[in-house]
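Step one of this worksheet: look at the structure below.
The values are calculated or read from the model by the stated rules, or taken from the named source; none is laboratory data. Everything numeric in this text was worked out from a predicted model, so none of it was measured. Here the Cβ is made from the backbone with ideal geometry for all residues, glycine too, and neighbour counts use every protein chain on show. All accessible areas refer to the heavy atoms of the entire protein, side chains included, with ligands and DNA or RNA removed. Shrake-Rupley method; radii C 1.70, N 1.55, O 1.52, S 1.80 Å.
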Amino acid sequence: MSKGTVVLTGIGSGIGFETARCLLSEGYRILGFDIARGRFDELSGDCTFVELDVRDFQRQKEAIESEARSHIMTGLVACAGIIQRRPYLELDEETFDRHLDINLKGPFFACQAMLPILRAQGKGSIVLFASSIARTGSATGAHYAATKGGILGLARTLALETARDGIRVNVVSPGVTDTPQPRGHATDEELYAKAAKVPLGRIGQPQDMAQAVTFLLSDDSSYITGQDLRITGGAGLF
Amino acid sequence: MKTVLITGAASGIGLATAKRLSATMQVVIADRNIAGAREAAQAIKAQGGKAVAVEVDVASKAAVTAMVKEATDMVGDIHALFCNAGISPKLPFEEWSEADWDSVIHTHIKGVFFCTQAILPQMCARHSGAIVTTGSDYSITGHPQGSGYAAAKAGIYALTKSLALEFAPFNIRCNSVGPGPIETPLLRKGKSDADWAHHKAKRGERVPMGRLGQPEEVASVVDFLLSERASYITGQIIHPNGGSVMW
């Protein structure tokens, strides 16, 4: 029996793709969004792809509402995000806006589209993606850090607003993870070299994040809301 | 089948976790209350699980050392550890005696210290292990009338993070679970039925989710943290608290 539909943004690659694979194996149906199919066709199971940019809030809302007309909705996982590193003084408004729109405003309106549906069902779980950078900061990532810090505030507020409606809202904050995203500004060698600074001695794998999302969507986390799971291999403890 | 040792396992969160983990692991039920520990082990065995009971006061190094020896003699290797034994006296600060303070600090911080120190060597030798300690929301927020408890729980969290860093090279993960208000004998202690019903409603109202948590809702988090599903998570505190504290 299906465990209902999980709406997942950024399904085409990286953590989004791996999370979809993990959730499909657990018996969820997936409605996946991305700007390109990417690896979507490698997925097997009950999943539908909608090509859309999370900045197209209206189409995102329509796709969610259309799905809800014929399926039980279990939750939302907002993985879509970008990072284009810039020294702070070289950061132009266009780059800043693009990060804000994709990383924060997209999830904001995806949550707004999902909440009435989950409220009506009396149950649901939302997982947003921040980053360990939300807390630690990162040189040349001021704009990215600001969007991810925003995710923490958004998630906590939504958690408070929906706690009595059977809806839980939590965050996953990965450390450095082996996905296409950091490869925009780092070679394989540079990326794997970061393992030396991680107490567990390796960088994160998309699977590590996927399993945390699966936990947060399940009833195993039924008393957890407003929390941030920092999956960093022990890096950046405070 | 792997083995987990749980302290404070005769009741509340420890007992719920023992029951949950007994589906996949052999469980050592360690408690000061040996009669309760035996009863818990019996209940798990009646459900087809594997469990043994051992007596321990975790505040005593000699008792912990003897308990771990007794346990390993019975069950062999211990692969996972849940340091959960705790007490929670509530007193206005000026009424805390040195004995009250010592008993809270010793049971919590020294308890974790002694138990981890006794079991880590075998985990290091196997280059594998997972440890969860029981912190509390109060390790982050503090607690009026629970000064010793809050200090002890904050100490446990700092100790857990240090162990996470020191033993990560041995592929051993150490995390903390920080429960909010959970319906346990510890929370209920000393309250009549009427008082308890009143307390439950009033305390639950202060939780964003509007209710107290169940021990099983903490047990499922401990299960997650001890499992391979959390293989990249170490040094963290996860709060099953209904949204009470977010940070």
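Tabulated data
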| quantity | calculated |
| --- | --- |
| Any hit, the stretch B:178-192, residues being at the interface with chain A (Cβ under 9 Å from one of its Cβ atoms), crowded, with 18+ Cβ neighbours inside 10 Å and over 20 Å from the mean Cα position of the chain (by Cα) | no |
| Residue tally, condition within 7 Å of chain A (Cβ to nearest Cβ) and either surrounded by fewer than 24 Cβ atoms within 10 Å (Cβ to Cβ) or more than 28 Å from A:Gly233 (Cα to Cα) (or both), over the stretch B:193-221 | 5 |
| Whichever residue in the stretch B:222-247 is among the hydrophobic types (A, V, I, L, M, F, W, C) and within 7 Å of chain A (Cβ to nearest Cβ) and, among such residues, is most open to solvent (accessible area, probe 1.4 Å) | B:Met246 |
| Those residues of the stretch A:22-73 which are in contact with a Lys or Arg (Cβ under 6 Å, 6 or more places away or on another chain), under 20 Å from A:Leu128 (Cβ atoms) and surrounded by fewer than 22 Cβ atoms within 10 Å (Cβ to Cβ), in sequence order | A:Leu52 |
| Verdict on A:Gln211 being at the interface with chain B (Cβ under 10 Å from one of its Cβ atoms) and open to solvent by 20 Å² or more (accessible area, probe 1.4 Å) | yes |
| Restricting the stretch B:164-177 to residues that are aliphatic (A, V, I, L, M) and open to solvent by less than 20 Å² (accessible area, probe 1.4 Å), the residue that is nearest to B:Pro208 (Cα to Cα) | B:Val177 |
| Residues (closer than 23 Å to A:Ala146 by Cβ and part of a helix (DSSP H, G or I)) located in the stretch A:173-198 | A:Gln181, A:Pro182, A:Arg183, A:Gly184, A:Lys194 |
| Residues of the stretch B:193-223 satisfying the condition of being in contact (Cβ under 8 Å) with a residue 40 or more places away in the chain and within 14 Å of the chain's Cα centre (by Cα) | B:Pro215, B:Glu216, B:Val218, B:Ala219, B:Ser220, B:Val221, B:Val222, B:Asp223 |
| Inter-residue pairs, beta-carbon under 6 Å, first under 17 Å from B:Ala62 (Cβ atoms) and in the stretch B:93-118, second part of a helix (DSSP H, G or I) and open to solvent by 30 Å² or more (accessible area, probe 1.4 Å), 6+ apart | B:Val112/B:Leu159; B:Phe114/B:Lys61; B:Ala118/B:Thr65 |
| Residue in the stretch A:180-200 that is more than 7 Å from chain B (Cβ to nearest Cβ), in contact with a Ser or Thr (Cβ under 6 Å, 6 or more places away or on another chain) and buried (at least 21 other Cβ atoms within 10 Å of the Cβ) present | no |
